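Q: Below is the structure I would like to discuss, written out as structure tokens.
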Ligand SMILES: Cc1cc2nc3c(=O)[nH]c(=O)nc-3n(C[C@H](O)[C@H](O)[C@H](O)COP(=O)(O)O)c2cc1C
Ligand code: SF4
Ligand code: SF4
Ligand code: FES
């Protein structure tokens, strides 16, 4: 690759620059602009599902509202992050999300910040907002491909294919990334469970300290993937470090 | 036979045409076995003909696909006379052969009878349904057995390809398509020439062209009929396009529910490969291009360009943001040019006739013809092809033959499930891309659903919104939740639970669904709601304020009453009522107990005196 190419453009009147190929949302956030967003995470690729990160982009004299997390930065564009239109759209989106996931603290907080405290719609109470972060982290980062979207429309959900979580290594990446905390992990004795996917795995006991430290299935999966020696995980990382 | 060059193609064409000339005057039964006619029993008729004809070898049976007038299927044309028979049944086959084919006598009962004049019409060209059409793209269907490439060659097939490959540079082709004014027929109406140009400009060693035959609109079947009835026309368009763009591989994406289309285009590809019209070194030009078939699972959203490409890649058919255009990075991140079946089928016409002649047809901003599927409360349902700019009135009344049962026209929904409903007052609207959009609807793929006075517009809006709620891929908050909540509000309104402010709430929801959603589905999903609010607001208000459904459709808002003056006390309604809500004796007018009545409408249907009234 040649040298990194910079593009220059304006956000709310401020001259900014960014690497060509980067998406608008992270650039704007870096510059300190406040744009609410629920389905973006720097560890995974852009998706554009929650629609909260709407901005107005003016290009060649034409202005349109679009999601900033999926918009590759360009020279000549002018971006507005806080117009009447955008506020109106965000409030409606949050009112819709609040009806779907009224118990989710994050949604309550983001909604409140936008001035939305009530919803005119019947509550559904599904904490999952279908942001797809768990699906992306599992596929792109962990590469376990253990969960995916199933069904469509308002029946869409994230689930292990055919509700068989056999590919899940119970690593907990989805638990960590889920913005609404609706994927729970429990550890009891030498077992770890990812509650939402109904996956329970036995944990490997450290040959040195005796404590269970990670699911055996996961360790074997890593050993396989990275071609590590078979006994690589006999001892937990803590004991290993202490030699 | 492998054709090494254009002269060999012309030689073959000459042979084929001479062969056909020699057959002129040949007795022939042309039978439509397209999907519409099959539904009406065309395969049984075909079998009956085959059995009869096995005994007389001088008569040929030719099976074509859709002629468009599906309402009247199975359709048969007897040649050389050219007599047009409709609604033919297997029992009538031996009579047709004995009288018409052998003796040249016309069977009056099988002719189309003009409902307006009461006269029998002998020839297809004189039937009002066909008279006003301009069958530029679709017309050859009736001359072609889609499994025989020779039939296509006889209609001038692959002439445009020769012209393009040997007489034009890729740039000239693109210029020609641009000047023709051809806009995509798959819904968006994007100028085809410009798309091609952008894709040509995108630098890459491998590029793709795709034909979109997903056709997920319920009730629309023009793409299917083209693909089933004249697949070579579509392939020829694709080969020309691929040459102009510089693509080496093509895909035809057909929905799985179209087995005949899959079969016929499959046969066509094999024939074209055998003749050297597809594959390495096409017609000796040095141009290489192959086409494979991809079967789609059938979700409505899979027809959206990026979802379709994801589906070909083996991923979930979900749209992605198009800030990076597919002409630059589409299928497998390579430049990809996607067009609709009908768009591709227009290309050979443009190349052969030239852009100037083509752009004479149509309106300022929409050139050429458009195929529509005309369905609903209309006399002549079927597929029609008309020049852009024909008025709605001409389409509905002249071609469609008006509304059955003497009922009044109320609205026509154009553009498929997310189109808008256009009222009587706009019947003079010239139908093209821009006028339909201005009227709050859209061209879409060309569906037209006609509604009469017995249709409740709130109920219609609810029906389509529910379809879109169900078909939304569920990715965008705005589309998934927006369509769901619009549906809920509409459902409440039709059940008498509408509240003041509901109309405004629908408008708000419609706005955010259209403005904040990623793909065309969400962006157009509010059309049914917003257009009916715009043109039929009084109906919404009647439901919400007066708790009345003016069209008498919404069960919770209507009452059935028996007009005592008209009731002859025959007792039919009393006998048929499923909940025994009707009382009455002989000679005493009957009465409906409103508390028991479930408003099923049975009494109204069975009353011989039309004494049951709905309010
Ligand atoms: C929800 C949705 C469904 C679509 N379905 C179809 C379809 O079935 N067939 C089609 O040709 N285009 C369909 N389109 C339009 C395509 O995205 C695309 O614009 C079109 O195929 C491009 O071809 P054209 O320019 O020749 O029209 C659909 C679009 C959306 C948003
Ligand atoms: S489970 Fe959590 S991370 Fe996964 S889609 Fe739902 S909200 Fe997003
Ligand atoms: S607009 Fe609707 S159908 Fe289109 S991507 Fe968004 S959720 Fe899916
Ligand atoms: S963060 Fe951009 S759509 Fe969710």
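Here, each number is a calculation from the coordinates, and none is a lab measurement. Quick caveat, the model's predicted, so the values are computed rather than measured. Neighbour counts are summed over all protein chains in view; Cβ atoms, including those assigned to glycine, are modelled from backbone coordinates with ideal geometry.
Q: Taking the Cα atoms only, what angle lies between the long axis of helix B:259-274 and the longest principal axis of chain B, rounded to 10 degrees?
A: 10 degrees
Q: If you don't mind, there's one more thing I want to ask. So for B:322, B:195, fewest C-beta neighbours within 10 Å to most, what's the order?
A: Fewest-to-most Cβ neighbours within 10 Å comes out as B:322, B:195.
Q: Tell me, how many Å apart are the Cα centres for the stretch B:186-204 and for the stretch A:1-76?
A: If we compute the Cα centre of each part, the gap is 26 Å.
Q: Seen from all sides and averaged, what is the projected area of the convex hull of the Cα atoms in the stretch B:1-159, in nm²?
A: 10.1 nm²
Q: If you line up the long axis of helix A:84-100 against the longest principal axis of chain A, both from Cα atoms, how many degrees apart are they, to the nearest 10?
A: It works out to around 30 degrees.
Q: Could you tell me how many degrees, from 0 to 90 and to the nearest 10, lie between the Cα long axis of helix B:170-180 and the main elongation axis, the longest principal axis, of the Cα atoms of chain B?
A: The angle comes out near 30 degrees.
Q: Give the average, rounded to an integer, of partner chain Cβ atoms located within 10 angstrom of each Cβ in B:463-470.
A: Counting Cβ atoms of other protein chains within 10 Å of each residue's Cβ and averaging gives 1.
Q: State, in angstrom, two size descriptors of chain B derived from its alpha carbons: Rg to one decimal place and Dmax to the nearest whole number.
A: 26.8, 89
Q: At 222 nm, what value in deg cm²/dmol follows for the protein assembly as shown if DSSP H runs of at least 4 each add -39500 (n - 2.57) and the sum is divided by all its residues, to the nearest 500?
A: Helix contribution divided over all residues of the protein assembly as shown: -9500 deg cm²/dmol.
Q: Also: Could you tell me the center-to-center distance, by alpha carbons, between the stretch B:390-446 and the stretch A:98-165 in angstrom?
A: If we compute the Cα centre of each part, the gap is 40 Å.
Q: Using a 10 Å cut-off on Cβ to Cβ distances, tally the other chain neighbours for every residue of B:482-488 and report the average as a whole number.
A: 4
Q: Limiting things to C-alpha atoms, what are the Rg and the maximum Cα-Cα separation (Dmax) for the stretch A:86-243, in angstroms?
A: That works out to 19.4, 61 Å for Rg and Dmax.
Q: Counting other beta carbons within 10 Å of each Cβ, put B:235, B:505 in order, fewest first.
A: Placing the least packed residue first, the sequence is B:505, B:235.
Q: Report the FRET efficiency, 1/(1 + (r/R0)^6), for residue B:169 and residue B:295, where r is their Cβ-Cβ distance and R0 is 30 Å, rounded to 0.05.
A: Efficiency at R0 = 30 Å is approximately 0.25.
Q: Could you compute Rg(Cα) / (2.2 N^0.38 Å) for the stretch B:369-452, with N its residue count?
A: Relative to the rule-of-thumb radius for its length, the stretch B:369-452 sits at 0.94.
Q: Now for a separate question. Over the Cα atoms, compute the radius of gyration (one decimal) and Dmax (the largest Cα-Cα distance, rounded to a whole number) for the stretch B:457-546, in Å.
A: Calculated on Cα positions, Rg and Dmax stand at 12.0, 38 Å.
Q: Still on this structure: Can you tell me which of B:82-93, B:27-38 comes out highest on packing, and rank the rest after it, using the mean Cβ neighbours within 10 Å?
A: B:27-38, B:82-93
Q: Now, a different point. Taking 8 Å as the Cα distance limit and 6 or more residues as the minimum spacing, I'd like the relative contact order of chain B as a percentage.
A: 11 percent
Q: What translational D, rounded to a whole number of µm²/s, comes out for the stretch B:200-294 from Stokes-Einstein when the hydrodynamic radius is the Kirkwood one over Cα pairs, at 37 °C and 0.692 mPa s?
A: Once the numbers are plugged in, D ends up at 239 µm²/s.
Q: Peptide B:318-328: average number of partner chain Cβ atoms within 10 Å per residue?
A: Per-residue shielding by partner chains comes out at 3.
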